[in-house]
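**Student:** Handing you a structure now.
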Amino acid sequence: QQQVKQSPQSLIVQKGGISIINCAYENTAFDYFPWYQQFPGKGPALLIAIRPDVSEKKEGRFTISFNKSAKQFSLHIMDSQPGDSATYFCAASTNTGNQFYFGTGTSLTVIP
Amino acid sequence: GAGVSQTPSNKVTEKGKYVELRCDPISGHTALYWYRQSLGQGPEFLIYFQGTGAADDSGLPNDRFFAVRPEGSVSTLKIQRTERGDSAVYLCASSFLPGSGGEQYFGPGTRLTVT
């Protein structure tokens, strides 16, 4: 059973547009929600992360919105650039657990 | 500083053979994780080490898979009697603290192809 459900599977955005990727979870014990960016042939790299005590976190062009009651969180990429074209994974973990549970990934293509 | 390194970057082996995949974590990181990533999927947890001991091996798919970390640094994932279904990218990650306490830094992965 997929612990973290991610959508859409793929996304095409014009340069300068906003990219939005959504994730949902069921386990209320999750307390850490990172987003990873992965380029072909590379390992995932941490982009931004949030804990459930805040509803939003912004770092540069990247923003996480977190809705604890709905058990959903999303990644917003503002002013999307061709260099942002990559696969994005959401993940979740608990403070007593040892692993990250990853979503299935979103392939983002930013068209110049 | 150096990140997580993994060797080899690619490994092609025949069905039934034995393979070893190596991970060199970031210096000072006591937590080490192995994940498996199939095409078009997110990484799936295999095993977690805290120091030298396997603290959680619940993700290992069967007894053909085994991992060690004898000195608390380098780890080796061992797969016996490989099957075509084992073909995937095997990722290693390390962190200073386990679970949600620490950011996991991933290596580039080893792409294993079983023919």
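Bear in mind these aren't lab numbers, they're just calculated from the coordinates by the rules spelled out. Everything quoted here is computed from the prediction, not taken from an experiment. Note: ideal-geometry Cβ built from the backbone for every residue, glycine included; neighbour counts use all protein chains shown.
**Student:** State the Cα centre-to-centre distance between the range A:38-111 and the range B:62-76 in whole Å.
**Tutor:** 29 Å
**Student:** A:Lys58 to A:Thr96: extension gain in nm, 0.36 nm per residue of separation minus the Cα-Cα distance? Intermediate values should be presented prior to the final figure.
**Tutor:** Numbers: separation 38, 0.36 × 38 = 13.68 nm, distance 2.64 nm.
Between A:Lys58 and A:Thr96, full extension yields an extra 11.0 nm.
**Student:** Where a ≥ b ≥ c are the square roots of the eigenvalues of the C-alpha gyration tensor, would you call the range A:13-55 rounded, which needs a/c under 1.5, or, failing that, prolate if a/b is larger than b/c, or oblate?
**Tutor:** Oblate shape, in that a/c is at least 1.5 and b/c is the bigger or equal ratio.
**Student:** Considering Cα pairs under 8 angstrom that are at least six residues apart, work out the relative contact order of chain A and quote it in whole percent.
**Tutor:** 37 percent
**Student:** Averaged across the residues of B:41-51, what count of C-beta atoms belonging to other chains lies within 10 Å of each residue's C-beta?
**Tutor:** Numbers: counts 6, 16, 11, 3, 7, 1, 2, 3, 1, 1, 0.
For this peptide, the per-residue mean of nearby foreign Cβ atoms is 5.
**Student:** Using a 10 Å cut-off around each Cβ of peptide A:98-107, what is the average number of partner chain Cβ atoms that fall inside? Mind dumping the intermediate values first?
**Tutor:** On the way: counts 14, 15, 10, 4, 7, 2, 3, 5, 0, 1.
Going residue by residue through A:98-107 and averaging, the value is 6.
**Student:** Another question, if that's okay. Could you check the simple spin-label distance between B:Val68 and A:Ser10, using points 7 Å along Cα→Cβ, in nm with one decimal?
**Tutor:** Placing both labels 7 Å beyond Cα along the Cβ direction yields 4.4 nm.
**Student:** Modelled label-to-label distance, A:Glu26 and B:Glu14, 7 Å Cα→beta-carbon offset: nm?
**Tutor:** 4.4 nm
**Student:** Next question, about the same structure. Relative contact order for chain B using alpha-carbon pairs under 8 Å, separation at least 6, rounded to a whole percent?
**Tutor:** Working: 295 pairs, mean separation 41.7, N = 115.
Contact order relative to length: 36 percent.
**Student:** Rounded to whole Å and ordered largest first, report the semi-axes of the equivalent ellipsoid of the protein assembly as shown derived from its Cα gyration tensor (root of 5λ). Can you show the working numbers first?
**Tutor:** Numbers: eigenvalues 177, 82, 49 Å².
So the equivalent ellipsoid measures 30, 20, 16 Å along its semi-axes.
**Student:** Set Lys and Arg Cβ to +1 and Asp and Glu Cβ to -1, take the dipole of the protein assembly as shown about its Cα centre, and tell me which of A:Met78, A:Ile64, A:Tyr32 lies farthest positive.
**Tutor:** Of the candidates, A:Met78 comes out farthest on the positive side.
**Student:** Between A:Gln72 and B:Arg22, take the C-beta separation as r, use R0 = 30 Å, and let me know the FRET efficiency to the nearest 0.05. Write out the running numbers ahead of the final one.
**Tutor:** Details: r = 39 Å, r/R0 = 1.29.
Approximately 0.20, to the nearest 0.05.
**Student:** I've got another one for you. In nanometres, what is the gap between the two model label sites at A:Gln2 and A:Ile18, each 7 Å from Cα along Cα-to-Cβ?
**Tutor:** For the pair A:Gln2/A:Ile18, the computed spacing is 2.4 nm.
**Student:** Is the C-alpha gyration tensor of chain A telling us rounded, prolate or oblate? Criteria: a/c under 1.5 is rounded; beyond that, a/b larger than b/c is prolate, otherwise oblate. All intermediate terms of the calculation are to be shown ahead of the outcome.
**Tutor:** Details: a/c = 1.93, a/b = 1.56, b/c = 1.24.
It comes out prolate by the Cα gyration axes.
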